[in-house]
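Pasting a structure here, questions to come.
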Amino acid sequence: MSCQMNVFAYVAETSKIKKFLFPESTEPAPQIEEEDDGWDEDWGAWNEDMKEEDAKDVTENDFSPDTNNSWLQQCILSLSPANDIMAVANQDRCVLLSQKFQKNGSNSEVDTNLTVNWEGSLSQTDGEVITALMCLPLASQKRSTQGAPDWTCVIVGFSTGYVRIYTESGALLLSQLLHTEPVQKLKCRTYEPHRYLGLAEQQEEVVIMYQRVLVTIDGFSLVQSLRACRNQVARATASGSENFFQPPPLAYKKWGLQDQEKIYDFCSCGVDTPNPFDNMKAASMSGNPQTALRHTPPAAGLYMTTGIGQYVGFYYTIEGSTQPILSEVAYAVANKLKSAFVSATSGWLGFGGKHKDEAKHGPKIEPATPLSIRFGLPDKSRHGVSVYLSPSDNYAATTDSFGRVVLIDVQRGVAIRMWKGYRDAQLGWVQVKELSNHGGSQGDNQTRTAQFLVIYAPRRGILEVWTAGLGPRVAAFNVSKSCTLICPSYGIMGLNNVTVRGINTRAFQCALMDTDGTLKTLHIPFHLALSDKNDKRARDLHLLRTLKAHIKDNSQQTGYSMKRYVNFQIFPLQNLLLDYWLSSDDRGIHSVASLSYLIKGLLSKIGEETKHTWMLSAQQLCRQTTCVLPAYLLALTLRSIITESEGSISSEKKSVDEGENKKGVSVQGNPPQDDIDSWGLLVRQLEDTLCINCLLHLPTDTGQITQVSVHKILEAGRVAEIVGSELAKRKISVNELFKSNIQNSKEASEVSVGQPTLLGNLEFSLEYLKLIQNAVLRHGVASMMWQMFVTERFASLAQLMEKVGKVPKDRLCRKEVGVEEADLSRLTGCMVDLLQALMEANCEVNEVPVFNIEPTWQSVRGPHSLVDLAIEAKMTNYGLIRHHYHLSVLMNAVAVFKMKSVKILSLFDSKGRHAFFTEFTQHPLLPSPNVDDSICYGRSEFLGQVISHAVQTLDSGTGSFERTLSDGQSTSAFSSPVKRKSTMAVRWPNVVLDIAKDFGLDIDIFKRHHVWELYSSGHDKAAEEILITVNDHEAVGSQLLHIAGKRINHYLLISNKMEGVDLLTNISPSLSLWIRSQDPSNLRKPESTTQSLAMLLQHVLSNLPEGYTEYNTALELVDLVQSMTK
């Protein structure tokens, strides 16, 4: 498959549009081709010199209007990325076109037409002309299956500096003067899903470029303002009133670009969070040797410009607010004093009154914030004309006045490639994702993407596609010289990480519009970006050529030794031969030659009708037999015989037509093509069945081997579901499945025998659920698992725990839930895992997969497949799932740690309890973090007990079984007790912090409680790791001081009484009394060494502030511990 250019839309009535936009145009003389376009000239180097006359001539000619055929290139044009609205403007006139689908009739290859919806003049003052256009689709607030935008606004920039926004029908929504210079460019950034987790969140914005000023408008506020304006306009139109309301002005940021002589174009590269090295590099480049360095690299928005002075300039705007450095504060104060002094002086001298008078009459224009260039690419001999950012923000392509196209690495700020000889070039980008392969690489959740640079050279009439970076040209098309390349770099505005799921934000990436109204789009396959060494298709073609060569060599080896075994008796040997061949699996490829000669001999002695009947019976036997390998070899043989017969008859017909009568050729009749196709289909079906048969011979729980045939597969359903069912019967784990040979499958099956059916199947299913890469399928399967097998048991168990206040007895568990009391921890762990998988699938963004049935199995009959049911599953409510997840974690904690006197449903308010046990597709009222103090106190007490129980597992003699909550650490029933206890003690406090954060509780309280429990159990090293995360240092320091006092009490008064009495007599009475008041029985392990006591007191001193009352006590204890070590 190669790159293609297809027509996807058509602009109707182009002559009418042209006549309206150019009312005074006449038919000019034919266009004269220039003799030299710079393609064959000496390209030279990057810094080649050029004469001023040549440069002047190029500058004047490159931007002069063309003849009547290129009227489209003289217009300002914008096409919505949703392909629903197009705006074309010239001078003060504008035409708006909307999408209409073509009826069946003429132009059947194009199903979309763009017809004129509104036309008129947008000028509101004399001499005001349109300088910029942008059609921006806005997302719908309703849930739409197609993902189409709600409506599309048209943003227009004027020479007076005004920016006005209109509806699709030309109604004015909003008008605002942001700057007094003409608007040069309008560009936009919309939400795109994260490709990697480490990338910074990109903000939606509309950027307006003036001659030396950039104005940025936040996308969220713009969408809200436009919706409000559109609603008011609709109400006014419906009521017949012309008094529209005055909309509030837009909130915006205004940047004054400095250090560049003239700017022609720009692009917004988004927000980037630099690493520490880049932060130091930026500080050294933009500052001086005394510039202070921030400890945390600030996020910065990058704006890339092109023009004169600096061929390419890089401007960085620091996002958010940071703590000012002292030198920067002083510099800012000096600037303020200077501005105030100049303002006062101008008023005294009398040259400031005019500006005040103008401010009274005209709209207030906010001053621009100066923004200095950080660095740039200087080039005196040329100036940049336009810049185009790649979809992944890593490359930018520029055009200049000398007909060069330069590719720039945005991150490094260097030019990496140059194309020459492209005068008046128009550029665009196309990003292509790799199609997922069936049975792709394991664990590969990231889809590879490739970027292609599209270059349209109007002077040469060619459209080229180049691989981004240093790749080759992959396609070239001859097109008209009067086209316009349309490449919107944005999508639908108003989306987020939830609403973007399943929505195609762009109907096209790059389109070419001709003067006749034809719109063509590019379709570029992913494999064109791969080199010959990495391209799988290139590898497959090479293997195919090698295989053909080997087959050609071996086909010359023929034998005639089996001819004497063909008995020409009048006896029905055909059926006997088939029964014998299909009676056993002990048939090998070494017997195929003998089989072929026997069948040929038998078929040569029967008529055509009998032969056809026997072939049909052979096909039927091959479909019904469970000896798949002999049937596969037989089908290959019969297909080969029929194909060979077809070839011999075709050769004979050809020789007869040429007048060459060859005697001795026996004509057996021309077999129909349907017979060859039917045998080919049967061969493919047997090949798939043979692969399934190999899987079925693996051992099962019962030791029985399932027999399979083509007929059984056709009657049972899809092949994939049969394979999945057999894998489930054999309890093959995920790790065993992806091994090269499943040697331990029998051992895994034996381990699974004896486990309860519900728990075993649920745990087994959860392992495979994590392997589903498509979020839509994973969401559907998880939703069905919960609804069919878990939800009723979940509700029964929760109500039972609420009733008894602890883990129910075995009899109640069997009656209400269907499992034993000892298995409740595993069951609740599976519930937590399933809910967590459902939440992750709900948040991920994936398109709905399309699974076509292979042609081999089109005749499959049976019920609806699991894939179809999963795709058709309704979208769930994430907040409701999260609410049930909280309850499942609490239930799992009660079951794991055998907690008592706990009413788990009482830890939620009335709205929370009413929302439980409803279908996840519903939207009931959910509780807020602001609940009663009694509920908050109960939650804090319960979560604190969970941390205490988790820490106690490190000291317990026996550990309870617990299932992992999808944290990547396996704690199965066969792991060691030490590893299981360590995992519980580490994981459960983290789970408590997550739940506490969702409940709106102070997580610092639970961190301090975790530190207390670890020190109480004598795990000082583990406690020190948690200690550094505590924020309230005074509180934790006071706690540590009391732990140290209790340990010293135990050391002096219990473990070493004689030495303790002497040491207590040498200290102050107040300290001695304080030590005696400390009760070491509150600690589970009060024993400690003097070294651990010294380390503990060191942490106390580092957390308590100096001058604090307990700080002095800690100092005295340090002296006491030092005397204890002597």
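The values are calculated or read from the model by the stated rules, or taken from the named source; none is laboratory data. Note that the coordinates shown come from a computational prediction; the quantities given were computed from them, not determined experimentally. Accessible surface is based on the protein model in full, side chains and every heavy atom, while ligands, DNA and RNA are left aside. Shrake-Rupley method; radii C 1.70, N 1.55, O 1.52, S 1.80 Å.
From zero up to wherever the largest Cα-Cα distance of segment 1078-1122 sits, split into 5 Å bins and tell me the percent of pairs in each.
The distribution over segment 1078-1122 is 5, 21, 25, 24, 19, 6, 1, given as percents.
At a 1.4 Å probe radius, which order do Val848, Val454 fall into by accessible area, largest first?
Val848, Val454
Starting from the Cα gyration tensor of segment 466-526, take the square roots of the eigenvalues, sort them a ≥ b ≥ c, and report rounded, prolate or oblate (rounded when a/c is under 1.5, otherwise prolate if a/b is larger than b/c, else oblate).
Note, shape of segment 466-526 comes out oblate.
With θ set to phi - 60°, apply the Karplus curve 6.51 cos²θ - 1.76 cosθ + 1.60 along segment 1074-1086 and write out the HN-Hα couplings as whole Hz, x wherever there is a Gly or Pro.
Working through the residues one at a time gives 5, 5, 5, 6, 7, 9, x, 5, 6, 9, 6, 9, x Hz.
Still on this structure, please answer the following. By its C-alpha gyration tensor, with a ≥ b ≥ c as the square roots of the eigenvalues, how is segment 368-408 shaped: rounded for a/c under 1.5, else prolate for a/b larger than b/c, else oblate?
It comes out oblate by the Cα gyration axes.
Among Lys900, Lys1046, what's the order by accessible area (1.4 angstrom probe), most exposed first?
Ranking Lys900, Lys1046 by accessible area, largest first, yields Lys900, Lys1046.
Leaving ligands, DNA and RNA out of it, report the carbon-plus-sulfur percent of the accessible area of segment 129-181 at a 1.4 Å probe.
Answer for segment 129-181: carbon and sulfur cover 49 percent of the accessible area.
Assign one of three labels to segment 116-183, namely rounded, prolate or oblate, based on the Cα gyration tensor with a ≥ b ≥ c the square roots of its eigenvalues; rounded applies when a/c is under 1.5, prolate when it is not and a/b is larger than b/c, and oblate otherwise.
prolate
Hey, if we sort Tyr597, Tyr456 by accessible area with the 1.4 Å probe, largest down, what's the order?
Tyr597, Tyr456
Please go through the residue pairs Lys874/Lys903; Lys142/Lys185; Lys770/Lys874 and name each one whose alpha carbons sit more than 23 Å apart in this structure.
Lys874/Lys903; Lys142/Lys185
Let me see the P(r) profile for segment 815-929: every Cα-Cα distance counted, bins of 5 Å, each bin given as a percent of all pairs.
2, 9, 15, 16, 16, 13, 10, 7, 5, 3, 2, 1, 0
Then there's this: In sequence order, what are the phi-derived ³J(HN,Hα) couplings for segment 83-99 according to the Karplus relation 6.51 cos²θ - 1.76 cosθ + 1.60 with θ = phi - 60°, rounded to whole Hz, with x for glycine and proline?
Each residue's phi maps through the Karplus curve to give 6, 10, 9, 10, 10, 10, 9, 8, 6, 9, 9, 9, 10, 10, 10, 10, 7 Hz.
For Glu802, tell me the accessible area in Å² from a 1.4 Å probe, rounded to the nearest 10.
It works out to around 40 Å².
Convert each backbone phi in segment 14-19 into a coupling constant with the Karplus relation 6.51 cos²θ - 1.76 cosθ + 1.60 (shift: θ = phi - 60°), then list the ³J(HN,Hα) values in order as whole Hz, x for Gly and Pro.
Those phi angles translate into 5, 5, 5, 5, 5, 5 Hz.
Please list, in chain and number order, the residues 5+ apart from Ala82 or on another chain whose amide H is under 5 Å from its amide H, with Hs placed from the backbone.
The answer is Ala507.
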